[in-house]
Amino acid sequence: MRKRKVVSAAVITILGIAIWLCVRFPYEIGASVTALLGTSGRIDPLTLHLQGEFVESNLGTAVEPDGSITVRLIAQQYNFVPACTIVPIGVPIRFRVTSADVVHRLGFPDSGQELEVVPGHVSEEKVQFTSAGEHVIPCNEFCGAGHWDMRSRVMAVPGDQFSKLQPQERLTCASR
Ligand code: CUA
C-alpha cells in the first residue's frame, strides 16, 4: 500500500515537471530574452484581440500606403490567426507576429529563415516567396502538447493575380 503511494507521488511529480517543461519553461526563457533585450511590455498578450495592431480586423495580409505588403499574425497554442494568408510572389513580405501565450517560432522552409515570437513583443522578419502555391510554415519551437500540429499556411500567387483581389479577399485564405 505504502509502495503504491510512493509510486503515485513519483508519477505526479514527474507529470508536474513535464507540464512545467512544456508550458512554463519556453515562457520563462522567452521572458528572460525579452527582459535582456529591454523590449518587455511592448504589447499586452492579454488584450491583443481588444485593442491595437493585432485586433482581428487588422490580421492577415495588408497592402501598405507605399505598396509594400505586411502580414500580421497571432501565434497561440496551437495555431496561428489567421490560419492561412495570401501573398504575392517575388516581393519582400514583412511578417509582424506576436504571441498570445508562450514562445513560438515560425520556420520558413523555402528560405530557411526563422522568426521567434515572444509574448509581449512584436517580432518582424522580411520573407520572399519565389514559387506560387501553398507554403506550410510550421512552429519550430516546442510550445506544448499540440506543438507538433501547429502550423500556418501561406498561399503565394503571382503579383497580377494578387492585385486583382478585393481588399477583403487579400486578408486571408483560411476559408479556402
Ligand atoms: Cu508553437 Cu510550437
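The values are calculated or read from the model by the stated rules, or taken from the named source; none is laboratory data. Remember, it's a predicted structure, so these values are computed and weren't measured experimentally. Glycine gets a Cβ as well: all are built from the backbone with ideal geometry, and neighbour counts include every protein chain shown. Please note that ligands, DNA and RNA were not included when accessible areas were found on the heavy atoms of the full protein model with its side chains. Shrake-Rupley method; radii C 1.70, N 1.55, O 1.52, S 1.80 Å.
Estimated from the Cβ-Cβ distance and a Förster radius of 45 angstrom, the FRET efficiency linking SER131 and THR47 is about 0.75.
Accessible surface comparison of HIS104, HIS121, probe 1.4 Å, protein chains only, largest first: the order is HIS121, HIS104.
In this structure the amide hydrogen of CYS173, modeled in the peptide plane, comes within under 5 Å of the amide hydrogens of CYS84, THR85, ILE86, none closer than 5 places in sequence on its chain. Per-residue Karplus couplings for the range 51-58, computed as 6.51 cos²θ - 1.76 cosθ + 1.60 with θ equal to phi - 60°, are listed in order as 8, x, 4, 9, 5, 4, 5, 9 Hz, Gly and Pro entered as x. Close amide-amide hydrogen proximity is noted between GLU141 and ARG105, each under 5 Å apart and 5 or more residues distant or on a separate chain (H modeled in the peptide plane; Pro and chain starts excluded).
Across the range 116-129, rounded Karplus estimates of 3J(HN,Hα) from the backbone phi angles (6.51 cos²θ - 1.76 cosθ + 1.60, θ = phi - 60°) give 7, 10, 10, x, x, 9, 9, 9, 9, 7, 9, 10, 10, 9 Hz, Gly and Pro being marked x.
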